[in-house]
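Right, one structure below, let's go through it.
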Amino acid sequence: MAAPCAGLQEVADRAGVAVQTVYFAFRNKRTLFKDVVDTSIAGDTEPVATMDREWFRAACAEPTAAGQLRAHVHGTREILGRVAPIMPLIAAAAATDPEIAAQWPDGPDPRYTVQYAAAEALAGKPDIRPGLSIDMAADLLFGLLSPQLYLIFVRDRGWSPDTWEEWARTALTSQLCADPG
């Protein structure tokens, strides 16, 4: 049998377990990598899609667009706080390992799918900007709530996550909600 890969040995050492335990649980580095990413996005190990999570359903159920945006931006901030820091690692791994890249098949971006569902929920709110299309709302949510933009402000510019959340909520509210006056 070939010697275990140093990467999994390091994971085992940091976890305080035998490398065979890591192999038993994850089979290989690619499976471990995917599990780390999925757990970072979800915040737990439950196999529940973002759109089926309580925070997302509660946000969409808010009676106003402003209320939905407040809850949606907060929930997204929680996810971005966990996953945005590992996004560069994900991109590098996918670019250099075709088997890791294959774990994220081509097709609609799951992040866009979530933002589109949020935009659909916004469409029926009484304070939504008149004439705003679901596509435009989804594009704005997708762009302004991106891990890349989060990293620019929080990691690169030193904003606190609270400051980023307030900015994102204010920006989205000004773009997606009707003027109050």
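The values are calculated or read from the model by the stated rules, or taken from the named source; none is laboratory data. Keep in mind that what you see is a predicted model, and the values were worked out from it rather than measured. All Cβ positions, even for glycine, are placed from backbone atoms using ideal geometry, and neighbour counts span all protein chains on display. With ligands, DNA and RNA removed, areas are computed over all heavy atoms of the protein, side chains included. Shrake-Rupley method; radii C 1.70, N 1.55, O 1.52, S 1.80 Å.
Listed values for region 76-90 are Karplus-derived 3J(HN,Hα) couplings in whole Hz (6.51 cos²θ - 1.76 cosθ + 1.60, θ = phi - 60°), namely 5, 4, 4, 5, 4, x, 8, 9, 4, x, 9, 4, x, 5, 4, and x replaces Gly and Pro. Using the 1.4 Å probe convention, the accessible area of region 75-181 works out to 54 Å² per residue with neighbouring protein chains retained. Extending 7 Å from the Cα toward the beta-carbon at both Ala94 and Trp167 defines two label points whose distance is 2.4 nm. Scanning residues 5 or more positions from Ile128 or on other chains, those with amide H under 5 Å from its amide H are Ala65, Ala178, with H placed 1.01 Å from N in the peptide plane.
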